[in-house]
Ligand SMILES: [Mg+2]
């Protein structure tokens, strides 16, 4: 039953993703989470490394869409516009609506899409339910809010059950 949470890959950060390999295996589009995946939740500083990361994906001919559950749509909009990416805010991941809208935006199918995110119960569950490939990355900063701390504990429990964490 926990298999629905299993990501195809579990990596330290977005910078470890092999987009060349993904492209070779038929991936056409990348759905990216924002908070704790591309940027720490509290920061808006878009680094040169993040710029070249995004440009690197575009250069490989892969399409990108940003999907965020953030309660601050202006933040998502600012990042997406700066990086020149289409985006969906208040996405309510893991529900399927935003993933389906992203597929229309990206003009592709679920089987040719990879979801990259730091949250098992939002990004990975949502992507898996939508029939997409999923890559889990470690969150960029430590959580300070009790509810998120609890959620990270629950995530680690599932990852251990899946044999992805010792
Ligand atoms: Mg996130």
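Please state the relative contact order of the chain as a whole percent: Cα pairs under 8 Å, 6+ residues apart?
Worked out over the chain, it gives 31 percent.
Mind ranking 110-123, 136-149, 88-101, 52-65 by how tightly packed they are, going by the mean number of other C-beta atoms within 10 angstrom, highest first?
110-123, 88-101, 52-65, 136-149
Just report the Cα centroid separation between region 1-35 and region 102-166, whole Å.
Each part reduced to its Cα centre gives a spacing of 10 Å.
Gain in length, residue 109 to residue 58, computed as 0.36 nm per residue apart minus the alpha-carbon separation, to one decimal in nm?
Stretched fully, the residue 109-residue 58 segment lengthens by 16.5 nm.
Give, to the nearest whole percent, the P(r) tail of the chain beyond 29 angstrom, counting all Cα pairs.
Summing the P(r) of the chain above 29 Å gives 11 percent of all pairs.
Each value in this text was obtained by applying a stated rule to the coordinates, not by laboratory testing. Please read these numbers as outputs of a predicted model, since none were measured by experiment. Methodologically, a virtual Cβ is constructed for each residue, glycine included, from the backbone with ideal geometry; neighbour enumeration extends over all protein chains shown.
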